[in-house]
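Peer 1: Take this structure, written in structure tokens, and hold onto it; I'll ask about it next.
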Amino acid sequence: MKINDALVGAAIAVLGIAILVHIQGYPTIPGQKYGPAIFPGVIAAGLVICGALLIRTGLRSGTPLVTLGAWMRSPRHVANFLFVLGALLFYIVASDWLGFVLTGMLMLIALFWQFGVRLRFAVPVAIVATLLVHMLFYKLMRVPLPWGVLQSVSW
């Protein structure tokens, strides 16, 4: 997918304007010309200028605003994309109840199956990968992951 520079520039300019509006509420420091809004204001002004330049370049190019990639015309690729989105939604909905370990394993096995990986290879890889990710996040980085139905055997 190709997005015209005019759309990207508009998004950048809107971000810069939003920052400029937001920093108007920053307090001033008595007796000084510069306050806490100066640095974000300079960055925001730069974003607005760069966004305007991108808009000009994009409009002059004459290309369509959005050009779909070749993969968007392939039913298999679109199905894979939607399957990944569905897997992420499944994690959001089910992870508190099932827990990270079970949800992660089910997601990986389903994704491997969708992408054509044989189950005799997909299942062990999904188990090892999920447990490895759990160990890295839960034990090493101390990120609280949900245990769900496995709460009684949490380590």
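Peer 1: Among the residues that make up region 2-11, is at least one of them over 26 Å from S61 (Cβ atoms), open to solvent by 90 Å² or more (accessible area, probe 1.4 Å) and under 29 Å from the mean Cα position of the chain (by Cα)?
Peer 2: No: region 2-11 contains no residue that is over 26 Å from S61 (Cβ atoms), open to solvent by 90 Å² or more (accessible area, probe 1.4 Å) and under 29 Å from the mean Cα position of the chain (by Cα).
Peer 1: Still on this model: For M141, work out the one condition from (1) open to solvent by less than 80 Å² (accessible area, probe 1.4 Å); (2) farther than 30 Å from G16 by Cβ it doesn't fulfil.
Peer 2: All conditions pass for M141, except number (1).
Peer 1: Moving to a separate point now. Tell me yes or no: at least one residue of region 91-112 is open to solvent by 70 Å² or more (accessible area, probe 1.4 Å), farther than 24 Å from S154 by Cβ and part of a helix (DSSP H, G or I). Explain how you work it out, then say what you get.
Peer 2: Just the residues of region 91-112 that are open to solvent by 70 Å² or more (accessible area, probe 1.4 Å), to begin with: 92-93, 96-97, 106.
Then keep just the ones that are farther than 24 Å from S154 by Cβ; that gives none.
No, every residue in region 91-112 fails to be open to solvent by 70 Å² or more (accessible area, probe 1.4 Å), farther than 24 Å from S154 by Cβ and part of a helix (DSSP H, G or I).
Peer 1: Right, something else. Could you give me the residue pairs with C-beta distances under 8 Å whose first residue belongs to region 106-135 and is more than 27 Å from P75 (Cα to Cα) and touching a residue at least 24 places away in the same chain (Cβ under 8 Å), whose second residue is open to solvent by less than 60 Å² (accessible area, probe 1.4 Å) and of a type in the set (F, W, Y) wherever it lies, and which are 6+ apart or on separate chains?
Peer 2: Matching pairs, first to second residue: T130/F100; H134/F100.
Peer 1: Still on this model: Which of the residues that make up region 41-90 are open to solvent by 70 Å² or more (accessible area, probe 1.4 Å) and either touching a Cys at 6+ places or on another chain (Cβ under 9 Å) or within 30 Å of W147 (Cβ to Cβ) (or both)?
Peer 2: Within region 41-90, L82, L85, L88, L89, F90 qualify.
Peer 1: Output yes when any residue across region 48-71 is under 30 Å from L7 (Cα atoms) and among the aromatic types (F, W, Y), and no when none is.
Peer 2: yes
Peer 1: In region 121-129, is there at least one residue being open to solvent by 90 Å² or more (accessible area, probe 1.4 Å), in a helix (DSSP H, G or I) and within 22 Å of G148 (Cα to Cα)? Steps first, answer last, please.
Peer 2: Of region 121-129, the ones open to solvent by 90 Å² or more (accessible area, probe 1.4 Å) are 121, 128.
Narrowing further to those that are in a helix (DSSP H, G or I): 121, 128.
Pick out the ones that are also within 22 Å of G148 (Cα to Cα) and you get 128.
Yes, region 121-129 contains at least one residue that is open to solvent by 90 Å² or more (accessible area, probe 1.4 Å), in a helix (DSSP H, G or I) and within 22 Å of G148 (Cα to Cα).
Peer 1: Within region 4-27, identify whether any single residue is assigned to a helix (DSSP H, G or I), within 30 Å of L131 (Cα to Cα) and polar (S, T, N, Q), and answer yes or no.
Peer 2: no
Peer 1: Of the conditions (1) of a type in the set (V, I, T); (2) farther than 30 Å from G69 by Cα; (3) open to solvent by 90 Å² or more (accessible area, probe 1.4 Å), V133 satisfies every one except a single condition; which number is it?
Peer 2: (3)
The values are calculated or read from the model by the stated rules, or taken from the named source; none is laboratory data. Because the structure is predicted, anything quoted here is derived from the model rather than measured. Counting neighbours? That spans all protein chains shown, and the Cβs are built from the backbone with ideal geometry, glycine included. These area figures cover heavy atoms from the full protein model, side chains too; ligands, DNA and RNA do not enter into them. Shrake-Rupley method; radii C 1.70, N 1.55, O 1.52, S 1.80 Å.
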